[in-house]
Amino acid sequence: MVNKKDYTNGLPDPSSLKDEILKKYPRKIAKKREKSMVINDPDQDQEILANVRTIPGIITQRGCTYAGCKGVVLGPTRDIINLVHGPIGCSFYAWLTRRNQTRVPEGGDNFITYCFSTDMQDENIVFGGEAKLKEAIREAYEMFKPKSIGIFSTCPVGLIGDDVHSVSREMKAELGINIFGFSCEGYRGVSQSAGHHIANNGVFKHVIGNTDRERTGKFQVNLLGEYNIGGDAFEIEALFEEAGITLLSTFSGNSTIESMEYAHTADLNMVMCHRSINYIAEMMEEKYGIPWVKVNFIGADSTAKSLKKIADYFGDPELTAKVDEICGREMAKVKVIADVVKPSVEGKLAMMFVGGSRAHHYQDLFAELNIRVVSAGYEFAHRDDYEGRKVISSIKIDADTRNIEDLVVSKDEAHFREDLVEKKETLKKSGYNFSDYAGMMPEMKKNALVIDDINHWETEKLIEFYKPDVFCAGIKEKYVVQKLGIPLKQLHSYDYGGPYAAFGGAINFYKEMQRMLATNIWKLVDTPWKHEPEIVGSMTIEA
Amino acid sequence: MTVLTQILKNMLEHAPIIKSTKEFTATRNACKLCAPLGASIAFKGIRGCVPIIHGGQGCATYIRRYLISHYKEPVDIASSNFSEEATIFGGGANCYTALDNVISQYKLEVVAMATTCLSETIGDDVNFYMQNYRKDTELKNLPHFVTASTPSYQGSHMDGFHEAVASTIKTFAQAGEKGRHINLFPGFVSTEDIRQLKQLLSDFELDYVLFPDYSETLDNPIWGTYKRIPEGGTPISQIETCGSAGASIEFGTILNQGSLSGRVKSKNLSPTGAAFLEKEFGVENHRMPLPIGVKLTDVFFNTLEKVSGKEIPAKYKGERGRLIDSYADGHKYIFGKKAVVYGEEDFVVAMTTFLDEIGIDVVLAATGGESGKLEEEIRKYCPERWENIQAKNSFDYEKIHDWCLSNKPDLFIGNSKAYYIARELEVPIIRCGFPIHDRLGGQRIKHVGYTGTQELFDKIVNALIEFKQDHSPVGYKYM
Ligand code: SF4
Ligand code: SF4
């Protein structure tokens, strides 16, 4: 076992590691995996292979299309009954496992604590389950009187040919509430990502634009791709409220279908998780003329930057002053804690493999603590999330992508905001950046190892090579990594902690890192390399 | 209707259909999980085994996720990652690639494949695939293969568990000269329970095969260097000797007599491993409920005395005596308290019997299982009070919830999933069974034997004392 690498002159070249990993694979697989592992060079345009089928038998952390549709996008919305049409497991496993939080006003509906399933049995598989589905919808309606019901198909349902869309239409007519279906069978796509797209389409088609609400604020915005894990949304909402920005709707942390219905009356869409929600942002711009910008509320600096970006968009002196005041005040608080935590964590090594945006967003928090990110990757992202939106037009459309409907969107003349289109044009001239996401790779250091859809074997090798001080991923990797004596921070569920968003969240995260990296328990685990002296790199990160 | 459905219909029309016994249409907050999850747990109890779930990758990922958060251990389960293509042309190609990769990545002894709703619906025959693979592959030293047919529309995680156990026994058990060893099939118990049981059999100086033994594979010590396949598990060489054992002991009286076994499958005339061994090899089977509580543990010990020809060791007499002594001490705190018990069917039967024995009134005994036999079994083991016990098959948490609104119990006994009801009613919940996601050590909870019962008993009494203490206006330190 080798010593910890020397980081004085930047990150070590991981070519030997890459070779060692690939050597183990059969030739065909090695060829494919090779393209999904990139030794980063921010000065060059590098291509990564992403959003392709996982190889059978290689243990992936990816979930299925249904997980992305029901679990991720619609799961956190509280006033809709999400009814899963299929056998019991698919529904059970998505039962509030993502720890989304929601704040229910007095007398408001909250169905996210339920898991509804048609629990298909043998006879439904053989003779079809539509009748049972209709009964289940009627029953859910009678029991809860919800304003909307979403129906999600799982794999067996797609196979036996139950048509959830026609059942939805029929029941919508019968019950007079909004009912819509999603063909989000697990086999439809490469990963959760396909489900995000399907969910985006469904929400856009059946929800957005249903009610025109009078303006309630001077600056109306939507937040897209924020799921309120561990209370993140509450932190962000508090900032908007103080600044006087009216948050109409979030897709979909702490959200309601009701608020999504008037989301088209916003002046700006802010996109947080680009992967899961950029479709809605794009479609809303086409239909209503609402521009979108990429924001990030993970990390104190990023939060301040995002807030200022919104203030710049509206160009209102009072708003700008208020935002500056908030940022100044909060950054001072953050700095106090950062100063305390930094000395004990500076120069440590982190790696992160999660989701479709978190692996990028969290790098900002680590940078604030001078923790080095040596390797990172997404579970279900596409090339644009790695390389930036500039590559979208060159992404190859494969069979899996073709599987998902691309909605044809046309201008809604009555609601189209010409004024916003003009505003966008003017701001663009002064260098304001719209509809863009630069991706993760250009913002990572040279020689950082970027890996898409990492598997167990690669994880093991990576840990052996880098000996990171903290590994960020999810529950599925947690105990594998911890068995090796490396603490793992869950960035899907936050290890039941959080919030980590915005200024307050950054403080929580700093303290969490201090706790994780300072604990003595790992010293009890006898890792082989502990017997050899470490080469200690310099304690600052070179720019 | 698509062509595929038509074919399917024709194919399945002649097979007997399992009718659900449920009254409600929708399941709200299910009190059961799905079949390949149970099969995966059982397969994890074979030494050197990596389970593969044949179907969409979501099933495997969800199941891993669920097991990992209960066991707090790495749980490697591979998937054959169906694409839309595979659903049309069959999952053969995916199955072979998965086998190739699992075999080349792990130094494994056994590959175990469980099917899903998806692969079963399209009629994939994994046994056939496995045979083909064996014929066609160029790989040398192939591991053993075993499969389990586990569509969740025919049964819950318990059915899947027992199906995997039965299938493993049917695949590997061999005839042989009668030995002196015994087989123990403990069913779905905790890792600590398994460790207990092994100790107990050793104390009776018995040679034994305990299957499935996931006491280590799903509850490992910390490592330091990574082991791709965790140590532990029942070796195939031992499972082979099940056929020549002197006797089998099988915990559970309902087992997989739910939907799965109701479907007549040619290979499946004996639904459980022990039943198969009795029929094929004449290994006498002692079937009994899980040994929880004095009465049911006595049954187990009596059987052990019989099959070992040895008297119960003094150590256990002591345990039993202390347990009864504590019953006497704790009685005043618990007598007449009303409990709701829920979970897997055999777990519910044993737990109800134990609670009945200590004077707690089980008012509702509920399960998501669909055997329709819960009431019958409870009647058998709680002959005096069964009429006051609502025994409910095919229940979900919302039905439990609704029921409790008009019949408020004093405590809940079962897994984490009813926490929300207990919280709403402001009564304590004693966590045991599966899954436990909101406490540390859920996988290590002890349930069986005199000491397992002792721990449960203390927990129950203390929870009720704590409840009383917390709700008293006086801060009593003596209770
Ligand atoms: S399809 Fe069947 S096997 Fe897969 S998760 Fe759903 S219920 Fe379980
Ligand atoms: S059956 Fe399909 S939808 Fe359900 S969990 Fe498995 S892959 Fe996902």
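Hey, what's chain B come to in accessible area per residue, 1.4 Å probe, Å²? Mind dumping the intermediate values first?
Details: 17830 Å² over 479 residues.
Heavy-atom SASA per residue in chain B reads 37 Å².
Find the centroid of the Cα atoms in segment A:177-229 and in segment A:426-467, then give the distance between the two in whole Å.
After rounding, the separation between the Cα centres reads 26 Å.
Are any of the pairs A:K4/A:K342; B:K315/B:K446; A:K424/A:K445 more than 27 Å apart by Cα-Cα distance, and if so, which? Don't skip to the end; give the middle numbers.
Details: A:K4/A:K342 21 Å; B:K315/B:K446 18 Å; A:K424/A:K445 32 Å.
Correct reply: A:K424/A:K445.
Long-range amide H contacts for B:K392: which residues qualify at under 5 Å (H placed 1.01 Å from N, peptide plane, sequence gap of 5 or more or a different chain)?
Amide H neighbours of B:K392, under 5 Å, 5+ apart: B:A365, B:A366, B:T367.
Per residue of segment A:508-519, in order, report the coupling 6.51 cos²θ - 1.76 cosθ + 1.60 (Karplus, θ = phi - 60°) as ³J(HN,Hα) in whole Hz, putting x for Gly and Pro.
The phi angles translate into 4, 5, 4, 5, 5, 5, 4, 4, 5, 7, 9, 4 Hz.
With only alpha-carbon atoms in the gyration tensor, what are the semi-axes of the equivalent ellipsoid for segment A:54-161, in Å, largest first?
Its equivalent ellipsoid spans semi-axes of 24, 21, 9 Å.
Just to check I understand the Karplus step: with θ = phi - 60° and J = 6.51 cos²θ - 1.76 cosθ + 1.60, what whole-Hz values come out for segment B:115-129, glycine and proline as x?
8, 10, 4, 5, 5, 6, 5, 7, x, 5, 10, 6, 4, 4, 4
Provide a whole-number value for the mean count of partner chain Cβ atoms within 10 Å of the Cβ atoms in peptide A:120-132.
Average neighbour count from other chains, rounded to a whole number: 6.
Quick one: putting +1 on the C-beta of Lys and Arg, -1 on the C-beta of Asp and Glu, what dipole do you get for segment B:294-470 around its Cα centre, in Debye to the nearest 20?
Here the size comes out at about 480 debye.
Give the cross-link partners of B:K44 among the aspartates and glutamates, using a straight C-alpha distance below 13 Å as the criterion and excluding same-chain residues fewer than 8 apart.
Straight-line reach from B:K44, under 13 Å: B:E73, B:D76, B:E109, B:D213, B:E216, B:D219, B:E231.
So which of A:K32/A:K390; A:K461/A:K489; B:K227/B:K459 end up more than 27 Å apart, counting from Cα to Cα?
B:K227/B:K459
Sort chain A into rounded, prolate or oblate with this rule: let a ≥ b ≥ c be the square roots of the eigenvalues of the Cα gyration tensor; rounded if a/c is under 1.5, and if a/c is not under 1.5, prolate when a/b is larger than b/c, oblate otherwise. Could you put the intermediate results ahead of the total?
Numbers: a/c = 1.72, a/b = 1.27, b/c = 1.35.
Verdict is oblate for chain A.
Please list, in order along segment A:450-461, the HN-Hα scalar couplings obtained from phi with the Karplus expression 6.51 cos²θ - 1.76 cosθ + 1.60 (θ = phi - 60°), rounded to whole Hz, x for Gly and Pro.
With coefficients 6.51, -1.76 and 1.60, one gets 9, 10, 8, 6, 5, 10, 4, 4, 5, 4, 4, 5 Hz.
Skipping prolines and chain starts, which residues have an amide H placed within reach, meaning under 5 Å, of the one on B:T147, given they are 5 or more residues away or on another chain?
The list, which skips near neighbours in sequence, is B:M113.
Rounded to whole Å, give me the distance from the Cα center of segment A:75-114 to that of segment B:356-435.
About 24 Å separates the Cα centre of segment A:75-114 from the one of segment B:356-435.
Amide H to amide H, which residues 5 or more places from B:I430 or on other chains are under 5 Å from it, using H placed in the peptide plane?
Distant-sequence amide H within range of B:I430: B:F412, B:I413, B:G414.
Under 17 Å from the Cα of B:K392, which aspartates and glutamates turn up, not counting those fewer than eight places away in the same chain?
Cross-link targets: B:E23, B:E344, B:E345, B:D346, B:D356, B:D361, B:E370, B:E375, B:E376, B:E377, B:D402.
Which percent, nearest 5, of DSSP beta bridges in chain B are antiparallel?
Details: 2 of 42 bridges.
Rounded to the nearest five, the antiparallel share is 5 percent.
Antiparallel versus total DSSP beta bridges in chain A: what percent is that, nearest 5?
Working: 5 of 45 bridges.
Roughly 10 percent of the beta bridges in chain A run antiparallel, per DSSP.
How many percent of the alpha carbon pairs in segment B:133-274 exceed a separation of 28 Å?
Distances greater than 28 Å cover 25 percent of the Cα pairs.
Quote the relative contact order of segment A:65-188 in percent (integer), defining contacts as alpha-carbon pairs under 8 Å separated by 6+ residues.
Result for segment A:65-188 is 32 percent.
Please give the calculated 222 nm ellipticity per residue for chain B, where each DSSP H segment of at least 4 residues contributes -39500 (n - 2.57) and the sum is spread over every residue; nearest 500 deg cm²/dmol?
-13500 deg cm²/dmol
Suppose every K and R has +1 on its Cβ and every D and E has -1 on its Cβ; what is the size of the dipole of chain A about the Cα centre, in Debye to the nearest 20?
1360 debye
Principal axis lengths of segment A:184-247 from Cα atoms, whole Å, largest first?
44, 31, 12
Classify segment B:399-476: rounded, prolate or oblate, from the alpha-carbon gyration tensor (a ≥ b ≥ c, eigenvalue square roots; a/c under 1.5 rounded; otherwise prolate if a/b is larger than b/c)?
oblate
Cross-link list B:K337/B:K399; A:K23/A:K478; B:K198/B:K306; A:K348/A:K523: which exceed 19 angstrom alpha carbon to alpha carbon? Present the calculation step by step, with values, prior to reporting the outcome.
Numbers: B:K337/B:K399 21 Å; A:K23/A:K478 26 Å; B:K198/B:K306 17 Å; A:K348/A:K523 16 Å.
Flagged as over cut-off: B:K337/B:K399; A:K23/A:K478.
Going toward the positive end of the dipole of the protein assembly as shown, with +1 on Lys and Arg Cβ and -1 on Asp and Glu Cβ, which of B:C59, A:Y25, B:H162 do you reach last?
A:Y25
Hey, any idea what the orientation-averaged projected area of the convex hull of the protein assembly as shown's Cα atoms comes to, in nm²?
Result: 42.2 nm².
Report the relative contact order of segment B:294-470, percent, no decimals, based on alpha-carbon pairs under 8 angstrom and at least 6 residues apart.
21 percent
Going toward the positive end of the dipole of the protein assembly as shown, with +1 on Lys and Arg Cβ and -1 on Asp and Glu Cβ, which of B:G452, B:Y96, A:A67 do you reach last?
Of the candidates, B:G452 comes out farthest on the positive side.
Viscosity 1.567 mPa s, temperature 4 °C: what is the translational diffusion coefficient of segment B:346-479 from Stokes-Einstein with a Kirkwood Rh over Cα pairs, rounded to a whole number of µm²/s?
D = 82 µm²/s.
What number in nm² do you get for segment B:116-189 if you take the convex hull of its Cα atoms and divide its surface by four? Show your work: numbers first, answer last.
On the way: hull surface 29.3 nm².
Dividing the Cα hull surface by four gives the mean projection, 7.3 nm².
What is chain A's relative contact order, in percent, from Cα pairs under 8 angstrom and six or more apart in sequence? Could you put the intermediate results ahead of the total?
Numbers: 1045 pairs, mean separation 114.5, N = 543.
About 21 percent, as a whole number.
To the nearest 500 deg cm²/dmol, what mean residue ellipticity at 222 nm is calculated for chain A from DSSP H runs of n ≥ 4 alone, each contributing -39,500 (n - 2.57), summed and divided by the residues?
Taking each H run of at least 4 residues, the total per residue is -12500 deg cm²/dmol.
When the Cα centres of segment B:306-355 and segment B:46-70 are compared, how far apart do they sit, in Å?
34 Å
Within the protein assembly as shown, what percent of beta bridges assigned by DSSP are antiparallel, to the nearest 5? Don't jump to the answer; show the numbers that get you there.
Values: 9 of 89 bridges.
Bridges in the protein assembly as shown are about 10 percent antiparallel.
When only alpha-carbon atoms are used, what values of Rg and Dmax, in angstrom, describe segment B:35-288?
Taking only Cα atoms of segment B:35-288, I get Rg and Dmax of 17.4, 55 Å.
The values are calculated or read from the model by the stated rules, or taken from the named source; none is laboratory data. All values derive from a computational prediction rather than experimental measurement. Because the Cβ atoms are built from the backbone with ideal geometry, glycine has one as well, and the counts that use them run over all protein chains shown. SASA here: full protein model, heavy atoms, side chains in, ligands and nucleic acids out. Shrake-Rupley method; radii C 1.70, N 1.55, O 1.52, S 1.80 Å.
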